[in-house]
Amino acid sequence: MCVLCGRDFVSRAHWTDRHVEDKARAPGADPVEYQRDRRRDRVYRAVIVNKVLRHYGLRVQEWSGSKYLVRDGKGRTELVQDLGSLWPAAQRLAGRPLDPLDPALHAALVRGD
Amino acid sequence: MTETAKRPVTIVTGFLGSGKTTLLARVLSEPSMSNTAVLVNEFGKVGLDHHLLRRADERTVLLGHGCVCCTTREDLVGALLELLNEEDRGEIPPLDRVVVETTGLADPAPILFTVFSHPVLQHHYRVDLVISTVDAVNGELHLSRNRESSKQIAASDVIVMTKTDVAGAAGGLRDRLYAINPYARVIKASFGEVDPAELLRPPASPTPVRDPLAAGDDRHVSQTHSTSLTFDGAVVWAAFGTWLSMLLHARGEDVLRVKGLLHVGGEGPVLLNGVQHVMHPPEHLEEWPDADRGTRLVFITRGIRSEELLASLEAFRDFIGAEPRLVEANAPV
């Protein structure tokens with residue numbers, strides 16, 4: 001991270017972020033619109049991820065448009081860049097694998113708890 | 001740089017002795033291939049005579065969480081950067097294509113990962129095709145004995161059946177290949193005789209080349225399932241990406257291939273293509289390739305049943321915004 005501007009020099013966007021990043025690189029892209037799209041996308045994604053993480057006793061928070069904060073109930077926190085690093089961090093905090101094929105997770109999602 | 005302006009990288013994989021070098025030697029002799037650079041692992045007995053032939057000794061660097069597919073091939077990085085430099089300096093003509101030949105046992109995923117994730121390479125190269133050679137004489141034996149070979153078949157866009165002159169009909173092998181990957185084009189070649197234009201034709205939209213259910217009821221040891229899915233409406237890309245990234249984190253090594261067009265509510269679909277943990281950068285296309293405007297998605301998995309995928313997507317339905325439907329699924333092959 002640059003100490004002057006607080007920006008990261010991330011050399012590659014995770015594939016889940018590519019649609020917003022690619023749009024920003026297109027000719028005639030509007031930087032204001034890019035920031036808005038990007039922020040909206042990240043906040044919405046944090047909402048979805050939170051519903052999944054609740055089953056594992058974890059929470060995620062979008063942090064200043066550049067990171068995600070993953071926390072457990074004891075206050076342990078991991079700072080991650082994108083969804084590619086979020087799942088391994090959540091697994092470390094939960095102490096068990098986070099498997100979307102797990103029927104217990106399906107039941108929790110359907111119940112909404 | 002748009003995807004189409006990047007230099008295409010074609011990966012040629014296949015078991016030891018399955019005819020990779022013979023195929024390359026034949027294809028590279030075509031005048032149209034003169035601006036194609038070739039990266040090989042070793043100069044084998046069958047000499048490849050080509051002015052843009054380079055050697056890249058396999059050197060892999062294991063990253064963070066140590067899964068085998070997410071490794072960087074440092075040798076390839078070096079070789080591909082060197083080609084860019086030479087092209088810039090005008091020492092070689094502008095490249096039409098780079099062909100990377102793998103060693104027999106190699107998993108193509110690290111090559112994809114290297115091209116997609118390197119900070120410079122990802123802007124100058126794209127992987128357009130994975131081609132596998134399968135020996136019609138010993139292919140069935142390899143597929144039965146070796147898990148690595150079904151990974152190679154699942155990762156392929158084109159499968160070249162070699163030595164068909166020796167093996168005769170080889171219909172059983174062809175059925176077996178279709179059963180593992182119903183979406184790959186299968187081409188027959190004896191002595192490497194194939195039409196380069198046919199071989200390097202870009203993959204069409206992901207519709208099965210042949211109905212996987214019609215591929216016979218062979219049951220073998222590889223436990224590969226293929227599942228074809230659609231949704232009853234547009235899906236929310238952010239939610240689908242969340243689900244898929246979670247699946248690839250948890251079970252990436254068993255998701256041999258994900259491929260398809262996803263209807264996300266815009267003018268065109270999102271083109272998805274992934275091999276194990278490694279996803280091609282998803283492309284948001286301007287328009288649909290044909291009249292069908294629905295999602296079509298294929299998963300080739302090992303040990304994950306179609307019902308499990310469907311149940312998971314059902315559970316995520318509220319976020320994804322549409323109901324998943326199974327188009328077809330085939331039994332373990």
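Here are some notes:
- Scan of region B:256-307 for residues that are outside any strand (DSSP E or B) and within 16 Å of the chain's Cα centre (by Cα), ordered by number: B:Gln276, B:His277, B:His280, B:Pro281, B:Pro282
- Extreme residue, nearest to the chain's Cα centre (by Cα), among residues of region B:235-244 that are over 18 Å from A:Pro103 (Cα atoms) and at the interface with chain A (Cβ under 7 Å from one of its Cβ atoms): B:Gly241
- First in region A:90-104 and in a helix (DSSP H, G or I), second anywhere and surrounded by fewer than 18 Cβ atoms within 10 Å (Cβ to Cβ) and among the β-branched types (Val, Ile, Thr), Cβ under 9 Å, 6 or more apart: A:Leu93/A:Thr77
- The one condition in (1) at positive phi; (2) more than 14 Å from chain A (Cβ to nearest Cβ) that B:Gly303 fails to fulfil: (2)
- Qualifying residue in region A:22-33 (condition: surrounded by 18 or more Cβ atoms within 10 Å (Cβ to Cβ) and either closer than 30 Å to B:Asp254 by Cβ or within 13 Å of chain B (Cβ to nearest Cβ) (or both)): no
- Checking each residue of region A:54-75 against the condition of being crowded, with 19+ Cβ neighbours inside 10 Å, in a helix (DSSP H, G or I) and either hydrophobic (A, V, I, L, M, F, W, C) or away from chain B (no Cβ under 12 Å) (or both) gives no match.
- Within the option set B:Asp211, B:Asp232, being surrounded by fewer than 17 Cβ atoms within 10 Å (Cβ to Cβ) and modelled with pLDDT of 90 or more holds for one residue only, B:Asp232.
The values are calculated or read from the model by the stated rules, or taken from the named source; none is laboratory data. Values in this document were obtained by computation on a predicted structure and should not be read as measured data. Using ideal geometry, Cβ is built from the backbone for each residue, glycine included, and neighbour counts are taken over all protein chains shown.
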